[in-house]
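Working notes for the structure below.
The values are calculated or read from the model by the stated rules, or taken from the named source; none is laboratory data. Bear in mind the structure is a predicted one, so any value in this text is a computation, not a measurement. Glycine gets a Cβ as well: all are built from the backbone with ideal geometry, and neighbour counts include every protein chain shown. The area values use the complete protein model at the heavy-atom level, side chains included, leaving out ligands, DNA and RNA. Shrake-Rupley method; radii C 1.70, N 1.55, O 1.52, S 1.80 Å.
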Amino acid sequence: FFFQAEDGIRDSVASRGLGDVYKRQARDMIKLLARSVPFDQAKRILEDGVFCDIIKLKGLVKNKERFVKRRQRLIGPNGMTLKALQILTSCYILVQGTTVSAIGNFKELKVVRRVVEDAMNNVHPIYNIKELMIKRELMKKPELQNENWERFLPHFKKQNQKKKAKKATQKKDKIYTPFPPEQQPRKIDKMMETGEYFLSQQQKVDMKKNLKMQDAKVKSEKKEKAKDNVFIPPDEDKLFAEKKRQIMEREQAPPVDELKKKFFKKGSKQQQHHFAHLHQ
């Protein structure tokens, strides 16, 4: 195919040297346009020092639901996470289907790839964004340019939530029998045994009504018995015997003086003095 060069239209097959650069730029531009990148952004690839990176996400996560959640995590609510990443890296980023298209400087594209791959490996993008923000502030200070920034960067520990251990259920060993289990009777067989199968539709309806009426009659009889039990007088002989037993227990209880003597024998001198002081 032909492409537009600075000195006119050239043939991509016949071009050598500088034409290879134009071929790469034209190829990348077609790839970006095929992934729904706007033309205004895709044409930036023709500028000097601007590159593109197309990150494939399909093979990073196998589970479809997990893949969709992590991709949405990369975009963020109302696209705020993706917008913050664009501002910090000065790259144009577009998440489309199973690919992420990025346009910008070569060094910044490496950062974008790392953040995207970490997001698909269950590392939240906000951690990387926080790290990039700290680095951006440190770059403004000339006295820290030749120092190690490791002490300023946050170190996040991976926290694995413990899952509840499943209770091990012991399966009972079934006795092996070469014969198949006995065949269960069908619903029609049960209806034929009871004779319901040979009844007409109206007879079946009447039979159901009679069964309901019998159940209602039994329930009403139980309620009436429960109401009548309230008016049955209690057994006087049992009440008299219970009162007599309580009186006997009171009479057989040890007197207070004996309990005091036992307490004085068992307790220490300090307890005895405290007890005597209370009863003075």
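Peptides 63-76, 103-116 ranked from most to least packed by the mean count of surrounding Cβ atoms within 10 Å: 103-116, 63-76. Considering only protein heavy atoms and a probe of 1.4 Å, how much of the accessible area of segment 103-221 is carbon and sulfur, as a whole percent? In segment 103-221, the share of accessible area belonging to carbon and sulfur is 53 percent. 3J(HN,Hα) couplings calculated from phi for segment 222-238 with the Karplus curve 6.51 cos²θ - 1.76 cosθ + 1.60 (θ = phi - 60°) are, in sequence order, 5, 5, 5, 5, 4, 5, 5, 5, 5, 8, 7, x, x, 6, 5, 4, 5 Hz; Gly and Pro show x.
Accessible surface area normalised per residue over segment 22-137 is 58 Å², counting heavy atoms of protein chains with a 1.4 Å rolling probe.
Structure note, pairs Lys62/Lys164; Lys187/Lys225; Lys69/Lys166: Cα-Cα distances above 30 angstrom occur for Lys187/Lys225.
Pairs spanning more than 22 Å between alpha-carbon atoms, out of Lys83/Lys141; Lys58/Lys107; Lys31/Lys110; Lys223/Lys243: Lys83/Lys141; Lys58/Lys107; Lys223/Lys243. Please work out, to two decimal places, the log10 of the ratio I(q)/I(0) at q = 0.14 Å⁻¹ from a Debye calculation in which every Cα of segment 47-158 carries one identical scatterer. Here log10 of I(q) over I(0) equals -0.61.
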